[in-house]
2 protein chains.
Amino acid sequence: MELIQNNRCFEGEQRIYRFHSNALQTETQFGIFLPEQALAGQACPAVFYLAGLTCNEETFAIKAHAQHMAAQLGLILISPDTSPRGEAVAKGDHWDIGQGAGFYINATQAPWAAHYQMETFVTDELYQLVLQQFPIQAQHVGIMGHSMGGHGALTLAFKYPEKFKSVSAFAPICAPSQCPWGEKAFSNYLGTDQQVWLQHDATALVQVKGALFSEILIDQGLKDQFYSQLNPALFQQACDAVGQKLSLREHAGYDHGYYFIQSFIDQHLQFHAVQLQAD
Amino acid sequence: MELIQNNRCFEGEQRIYRFHSNALQTETQFGIFLPEQALAGQACPAVFYLAGLTCNEETFAIKAHAQHMAAQLGLILISPDTSPRGEAVAKGDHWDIGQGAGFYINATQAPWAAHYQMETFVTDELYQLVLQQFPIQAQHVGIMGHSMGGHGALTLAFKYPEKFKSVSAFAPICAPSQCPWGEKAFSNYLGTDQQVWLQHDATALVQVKGALFSEILIDQGLKDQFYSQLNPALFQQACDAVGQKLSLREHAGYDHGYYFIQSFIDQHLQFHAVQLQAD
């Protein structure tokens, strides 16, 4: 694991590391914000942040404006890349598939399966690595994400509730089996069997898994230019059906981007801090 | 004036406008953050932010994390580009000269003089435009900047104290006549007469103009990779000599970039809000 960037920030450090991933079979990079408490060796709660289409491991650190509140709360923030990268890794035909668009699932189809193993990467390899290398309270790890990464956060939380104790999202793709982005990604990465798709669809998952979290927080802008891809109402219905408490907050005038995220990031981090502290 | 981007942010709006500048003789863009109070038509204090080498009108909005506090304080933030741009505009041989490196002065030398009129642009054309177009309290306008833009903020404040009532900077180039960046820029834009350079050198200016501000705030990281270009001690000495109060805060571990700026931006905006309210 090689430290390739390190910037002091709010008395903590915003870092980028590079390492060879066995899951992805390529080099990969991730960002991590370590608050002052972590630098002093104190074990801290941590939150993974999964970014959206076209983003990388640096997007969150630059654009989400999260470090201020994370420093106040003593939260570690971990931001993986959104896909495998590099010359050897299959590219897509557009920005919504391939590099920058890994969808946080394990691909089973050629040419994607060789490298696109983002589910294993995030929940196993990177998860273990950061728990070994940084002072993280192992029982106090949450997950959040934006858009494609909101889909990632919701689905990985419901698949691995023993690993993620809190979950929130900004403008998540709530039902990827039922929107163009998800249909394209899933048919490429997983093949045509739509029963398989449902294992990676938050709206379908919550119906199978039931209520696993004391609360889920989702913020959604009502001027979101990708609203038709997101289907928050379907996820709300599925949560209601199984008694999963969901705070779906809709915000007039806000769009899909990071100016929206920065406006509400403090509240998400506070939400995670409270959820992670509980019991 | 054409609105080319508009994103809701903290109940205000982060916008980018494009217009044809007479001073620059080319199209130019600027960013503006309008807090909720300004959107409601209420006159607000305003602060210009001048960015550093290689940056543009969007850098501040994305990376400085200023909107949160500006929204709380009801401050309008205006961020011009760092130089003229375009095919017709002379380019430099490197990132520290030419496009992206206008140094907020009026060039007198060919090929620069045709477009590089950033001093007139900021203090006259853009200044008048924003006062006409937005609900700005004309007597409550401040200026701040980073690196090359810190030089810009300090020098323009001392040249136009009737326009800028408060001034602060992050890691400013304090004595451009005495550092490689400044020597290269000034010899290109202004020619070889070093007496002319001193009219655009904050350390020289304060000695001529005397104490014009009740206080100046400068934050400087002690791990700044460009520290040798900045010379804060020379500016401190010049301020001391004329009785200009300067709060030069040095921060261990912080570097030259926006992770440093975001760590202290709230305090700069609070400083401006207080200074602009005074009298």
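Where in segment B:194-279 are there helices (runs of 4 or more DSSP H), lying wholly inside it, with at least 3 residues that are closer than 26 Å to B:ALA66 by Cα and modelled with pLDDT of 95 or more?
Answer list for segment B:194-279: B:258-277.
Inspect segment A:156-166 for any residue being free of Cβ contacts under 8 Å to residues at least 24 places away in the same chain, in a helix (DSSP H, G or I), surrounded by fewer than 21 Cβ atoms within 10 Å (Cβ to Cβ) and away from chain B (no Cβ under 14 Å) and give the result as yes or no.
For segment A:156-166, residues free of Cβ contacts under 8 Å to residues at least 24 places away in the same chain, in a helix (DSSP H, G or I), surrounded by fewer than 21 Cβ atoms within 10 Å (Cβ to Cβ) and away from chain B (no Cβ under 14 Å): absent.
Give the number of residues within segment B:207-233 that are under 20 Å from B:PHE264 (Cα atoms) and among the hydroxyl-bearing types (Ser, Thr, Tyr).
1
How many of the residues making up segment A:167-191 are of a type in the set (Phe, Trp, Tyr) and part of a strand (DSSP E or B)?
Going through segment A:167-191 one residue at a time, the tally reaches 1.
Return the residue satisfying two criteria in turn: it lies in segment A:92-118 and is in contact with a Gly (Cβ under 6 Å, 6 or more places away or on another chain) and at pLDDT 95 or above, and of such residues it is farthest from A:SER147 (Cα to Cα).
In this case the residue turns out to be A:GLN109.
Considering (1) under 18 Å from B:ALA107 (Cβ atoms); (2) in contact (Cβ under 8 Å) with a residue 60 or more places away in the chain, say which one B:GLN137 fails and leave the rest.
In the conditions (1) under 18 Å from B:ALA107 (Cβ atoms); (2) in contact (Cβ under 8 Å) with a residue 60 or more places away in the chain, B:GLN137 misses (1) alone.
For segment B:212-232, what are the residues that are more than 21 Å from B:SER166 (Cα to Cα) and among the hydroxyl-bearing types (Ser, Thr, Tyr)?
The answer is B:TYR227, B:SER228.
Which residues, counting only those in segment A:39-61, are within 14 Å of chain B (Cβ to nearest Cβ), over 12 Å from the mean Cα position of the chain (by Cα) and surrounded by 17 or more Cβ atoms within 10 Å (Cβ to Cβ)?
A:GLU58, A:THR59, A:ALA61, listed by residue number.
Which condition number in (1) in a loop (DSSP other than H, G, I, E, B); (2) modelled with pLDDT of 95 or more; (3) under 27 Å from B:PHE226 (Cα atoms) is the one that B:ILE78 fails?
(1)
When the residues of segment A:223-279 are filtered to those that are within 16 Å of A:PRO172 (Cα to Cα), away from every other protein chain (no Cβ under 13 Å) and among the aliphatic types (A, V, I, L, M), which remaining residue is surrounded by the most Cβ atoms within 10 Å (Cβ to Cβ)?
Ranking the qualifying residues of segment A:223-279, first place goes to A:LEU230.
So is B:ALA64 surrounded by 18 or more Cβ atoms within 10 Å (Cβ to Cβ) and closer than 26 Å to B:ALA175 by Cβ or not?
yes
Among the residues that make up segment B:6-23, is at least one of them outside any strand (DSSP E or B), touching a residue at least 60 places away in the same chain (Cβ under 8 Å), away from chain A (no Cβ under 14 Å) and buried (at least 23 other Cβ atoms within 10 Å of the Cβ)?
no
State which residue pairs qualify: first residue more than 14 Å from every other protein chain (Cβ to nearest Cβ) and at positive phi and inside segment B:67-78, second residue surrounded by fewer than 19 Cβ atoms within 10 Å (Cβ to Cβ) and not acidic (Asp, Glu) in any location, beta carbons under 8 Å apart, and separation of 6 or more residues or different chains.
B:GLY74/B:GLN37; B:GLY74/B:GLN42
Mind checking which residues of segment A:171-192 are small (Gly, Ala, Ser) and more than 16 Å from A:GLN225 (Cβ to Cβ)?
A:ALA175, A:SER177, A:GLY182, A:ALA185, A:SER187, A:GLY191
Looking for something surrounded by 24 or more Cβ atoms within 10 Å (Cβ to Cβ) and assigned to a loop (DSSP other than H, G, I, E, B) - is there at least one such residue anywhere in segment B:125-147?
Within segment B:125-147, one or more residues are surrounded by 24 or more Cβ atoms within 10 Å (Cβ to Cβ) and assigned to a loop (DSSP other than H, G, I, E, B).
Among the numbered conditions (1) in contact with a Pro (Cβ under 9 Å, 6 or more places away or on another chain); (2) over 18 Å from A:GLY145 (Cα atoms), tell me where A:GLN195 comes up short.
With (1) in contact with a Pro (Cβ under 9 Å, 6 or more places away or on another chain); (2) over 18 Å from A:GLY145 (Cα atoms) applied to A:GLN195, the lone miss is (1).
The values are calculated or read from the model by the stated rules, or taken from the named source; none is laboratory data. Small disclaimer: the values here were computed from a predicted structure and weren't measured. Note that we place each Cβ from the backbone using ideal geometry, even for glycine, and neighbour counts take in every protein chain shown.
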